[in-house]
């Protein structure tokens, strides 16, 4: 057994590496630079934590969020690793004590925020350590923060390229779960890692079930999703606006669900308190803007729901990836409508970015809309965006309940023609009245009952026409003119359809059927279910005593394996994934006692 495998087993409690972990560890431990792309929950942290224990000196880990630092340091200390952090949450005395531990060589890993790292005092301290050969490596976590196209862009990350100059000879590793080919190139360029070896793992998260549905009373849809399928489970609900966050959290709370709001407009004290509750409690739902989530290391998030369309397919992948980090079954739900597309495009058009930036943003939005509109496997399309070929997954809504489609070519031509013949000055509601031959006051006043498209769409009901206009907007065949009260206007993309050069198939508008959901099996029988629940209660009490999140003690997956395997000795318990030497010593006796209490008669 290699030294790296010994650390993996005895410190972290895992019997084998996953995917490319071992290759990354060996490369970094040997002094090489690396750019690592692994999905959320894929074990990125071990890629630098194990080399940190293999190499001389202290590993410096750049991390963008205080919560992430605190979680990882708590987990490392539970495993017996000497770890600490430097950030703004500490008072001066705590920071000085950490700096002294660093200077005296008592730390294996030091987590630091990028702005703290770049401060003159910190750089000078690290340069002194470097002269003594006491820096093991530098890890840059959440490296996509350097990419200016991303919504997690952090300007201070752009300055991290100086680490190559200040600490020559020190291996560096940048890690992210979210970057397509273009993003990878930007990360490598901006962090001076052009020559680094790249490790790109599969982006697939097979334990996540993807579901996308049309908005139809979204609050009630969300409530049914949580009550019927995720009662008593932790989850995240994303909303685009702060107001919607507050209103949605209040609505869920009124319905008896432990929901908390989180957005940048709240005081830092309230945000921190809500985040702590979410991390430490096992059945809390966080309703948030995208200000929440990056670096949140909570493994037992069983669902993520979006009540608004995310800004890009990368954002969608990253946000949904916060579900099921422990590898157990999780589900993600996106509710969307044409209004979301209109709002996102308007935000892009009104942004201060360059035209090149806006083109990229529109392209990324269009890709996400295509994912929402697809009648094929969602996972297959999502992975294809990241350059990964795959077969239909059998675990998304379109695989489980294939959508029906219809040939909307003629109806779409009628709709586009109606927009043209009314001067491209009106919204979808007015178009539908004309197409359906409804002589409303507004239609009559403008003489639109006399145009050739009046009444040519009576064969379709109002809901079908609404669905078609939504899909025409989503596919870019119609645009919305915000300067003229959201009037519909034709785009260049509509010309081939109007000329008869192409056809159009769209989803049939039907009441959305719920995807079949396989029950998550906790154990092999009721006896194991009871043991699993007792283990969760013990874990919660232990976590409260130690003032750490429950998952820092053990992940759900570890408790599940204990309930299934029912170890009868410390040796057997040591074989359970996630039980390292330190945790075996600290918690072995009470765990075995709980298992013994549930022994069959």
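The values are calculated or read from the model by the stated rules, or taken from the named source; none is laboratory data. Given the structure is predicted, the values throughout are model-derived calculations rather than measurements. So basically every Cβ, Gly included, is an ideal-geometry build from the backbone, and we count neighbours across all protein chains shown.
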Is it the case that the range 583-591 has a residue that's over 19 Å from residue 7 (Cβ atoms) and without any contact (Cβ under 8 Å) to a residue 24 or more places away in the chain?
yes
Working only within the range 237-284, note down all residues that are under 20 Å from the mean Cα position of the chain (by Cα) and either in a strand (DSSP E or B) or at positive phi (or both).
237, 238, 259, 260, 261, 262
Scanning the range 200-233 residue by residue, those in contact with a helix residue (DSSP H, G or I) (Cβ under 7 Å, 6 or more places away or on another chain) and within 27 Å of residue 18 (Cα to Cα) turn out to be 203, 204, 208, 210
Filter the range 324-350 for residues that are part of a loop (DSSP other than H, G, I, E, B) and more than 25 Å from residue 428 (Cβ to Cβ) and give the result.
324, 325, 326, 327, 328, 329
Hey, can you tell me all the residues within the range 388-400 that are touching a strand residue (DSSP E or B) at 6+ places or on another chain (Cβ under 7 Å) and either outside the structural domain of residue 334 (by TED's automatic domain parsing) or part of a helix (DSSP H, G or I) (or both)?
397
Tally, over the range 416-450, of residues that are part of a helix (DSSP H, G or I) and without any contact (Cβ under 8 Å) to a residue 60 or more places away in the chain:
14
Exclusive hit being modelled with pLDDT under 90 and either crowded, with 17+ Cβ neighbours inside 10 Å or closer than 16 Å to residue 336 by Cα (or both), set 236, 212, 296, 208:
296
Complete set of residues in the range 285-323 that are within 24 Å of residue 348 (Cα to Cα) and either outside the structural domain of residue 346 (by TED's automatic domain parsing) or part of a loop (DSSP other than H, G, I, E, B) (or both):
289, 290, 291, 292, 293, 294, 307, 308, 309, 310, 311, 312
Test set (1) at pLDDT 85 or above; (2) more than 24 Å from residue 49 (Cβ to Cβ); (3) touching a helix residue (DSSP H, G or I) at 6+ places or on another chain (Cβ under 7 Å) - residue 185 fails condition number:
(3)
Of the residues 77, 18, which is free of Cβ contacts under 8 Å to residues at least 60 places away in the same chain and either assigned by TED's automatic domain parsing to the domain that holds residue 555 or closer than 22 Å to residue 539 by Cα (or both)?
77
Among the residues of the range 429-460, the number that are surrounded by 22 or more Cβ atoms within 10 Å (Cβ to Cβ) and closer than 30 Å to residue 374 by Cβ is 4
Taking into account only those residues within the range 361-387 that are modelled with pLDDT under 85 and assigned to a loop (DSSP other than H, G, I, E, B), which is farthest from residue 471 (Cα to Cα)?
387
Per the filter on the range 527-573, residues surrounded by 18 or more Cβ atoms within 10 Å (Cβ to Cβ), free of Cβ contacts under 8 Å to residues at least 24 places away in the same chain and over 19 Å from residue 325 (Cβ atoms) are 573
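Looking at the range 461-511, what strands (runs of 3 or more DSSP E) fall wholly within it and have at least 1 residues that are more than 16 Å from residue 373 (Cα to Cα) and either at pLDDT 90 or above or in the same structural domain as residue 413 (by TED's automatic domain parsing) (or both)?
The qualifying strands (runs of 3 or more DSSP E) are 478-481, 487-490.
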Name the one entry in 188, 174, 194 that is closer than 30 Å to residue 36 by Cβ, touching a residue at least 12 places away in the same chain (Cβ under 8 Å) and not in a strand (DSSP E or B).
188
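Provide a single number: the residues in the range 168-214 that are farther than 30 Å from residue 56 by Cα and within 16 Å of the chain's Cα centre (by Cα).
Selection size over the range 168-214: 14.
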Please state which one of 464, 480 is touching a helix residue (DSSP H, G or I) at 6+ places or on another chain (Cβ under 9 Å) and farther than 30 Å from residue 209 by Cβ.
480
Residue 227 fails exactly one of the following numbered conditions: (1) at pLDDT 90 or above; (2) farther than 15 Å from residue 287 by Cα; (3) within 19 Å of the chain's Cα centre (by Cα). What is the number of that condition?
(3)
Which number in (1) at pLDDT below 90; (2) in contact with a strand residue (DSSP E or B) (Cβ under 7 Å, 6 or more places away or on another chain) marks the one condition that residue 425 misses?
(1)
For the list (1) in contact (Cβ under 8 Å) with a residue 40 or more places away in the chain; (2) surrounded by 20 or more Cβ atoms within 10 Å (Cβ to Cβ); (3) touching a strand residue (DSSP E or B) at 6+ places or on another chain (Cβ under 7 Å); (4) on the phi < 0 side of the Ramachandran plot, I need the number of the one condition that residue 142 fails.
(4)
